[in-house]
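Novice: Below you'll find the structure I mean.
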Amino acid sequence: TLTEARHDVKRLETITERFSKIGSLPVLDKADVVEVLNNSISYMRTRTSKSVNFSVASTNTHTIFVKLNIPLFEWVIENLCRNAVDAMDGNGSVTVKVFDELQFVYIDVTDTGKGMPRSKFKTIFQPGFTTKQRGWGLGLSLVKRIIENYHGGKIFVKHSELGKGTTFRIVLNK
């Protein structure tokens, strides 16, 4: 119990740090993107039903360094994963794949959820958009802001098929 309480306190400190960074320019440090992704996915695994299978894969065996604000980037991944779990009704798989290219690193987050029509691909990033009974519809708008404004990258819906799932793509400069 004490160990879990320590984890929860650490988590609250991270959340506080994240909120304190929104609205100001965060510091970006060189980080191993696969390690950061693995940490985020490990956190999600412990707080999600065993009916959800998480995996992280990379096309490279070497370390992939990208300039990141780790707490904010982890929040992005966790938000995408939470949305994916909701879209799968807590049963399915979330796969994160990293592609290391010459100038960019591509990160695809794919779920086996409900999917969405093409007409929603852009509107889901607007503040207030939600498909949930509860919620403010701010998650994906903050995700977009963190990736595009703070990290100088891009995020978009790469592919989605109703009844089959969705893939979000994050593009980061090396």
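Novice: Quick one: which residue in Ile146, Ile124, Ile107 is crowded, with 21+ Cβ neighbours inside 10 Å and more than 15 Å from Ser40 (Cβ to Cβ)?
Specialist: The conditions single out Ile124.
Novice: Examine the range 60-78 for a residue that is more than 27 Å from Gly152 (Cβ to Cβ), surrounded by 15 or more Cβ atoms within 10 Å (Cβ to Cβ) and not β-branched (Val, Ile, Thr), and state whether such a residue exists.
Specialist: no
Novice: Six or more apart or on different chains, Cβ under 7 Å: which pairs go from a residue in the range 42-67 that's of a type in the set (Lys, Arg) to one that's open to solvent by less than 60 Å² (accessible area, probe 1.4 Å) and in a loop (DSSP other than H, G, I, E, B)? Could you list them?
Specialist: Every condition considered, the pairs that remain are Lys67/Leu28.
Novice: Scanning the range 22-41 for residues that are out of contact with any strand residue (DSSP E or B) (no Cβ under 7 Å at 6 or more places or on another chain) and in contact (Cβ under 8 Å) with a residue 60 or more places away in the chain, which turns out least open to solvent (accessible area, probe 1.4 Å)?
Specialist: Step by step, filter the range 22-41, then rank; the result is Pro26.
Novice: If you don't mind, there's one more thing I want to ask. List the pairs whose first member sits in the range 86-103 and is on the phi > 0 side of the Ramachandran plot, whose second member is in a loop (DSSP other than H, G, I, E, B) and open to solvent by 30 Å² or more (accessible area, probe 1.4 Å), and whose Cβ atoms are under 7 Å apart, counting only residues at least 6 apart or on separate chains?
Specialist: These pairs meet every condition: Gly90/Ser49; Gly90/Ser51; Gly92/Thr112.
The values are calculated or read from the model by the stated rules, or taken from the named source; none is laboratory data. Quick caveat: nothing in here was measured; it's all calculated off a predicted structure. Because the Cβ atoms are built from the backbone with ideal geometry, glycine has one as well, and the counts that use them run over all protein chains shown. Heavy atoms of the whole protein, side chains included, go into the accessibility calculation; ligands, DNA and RNA do not. Shrake-Rupley method; radii C 1.70, N 1.55, O 1.52, S 1.80 Å.
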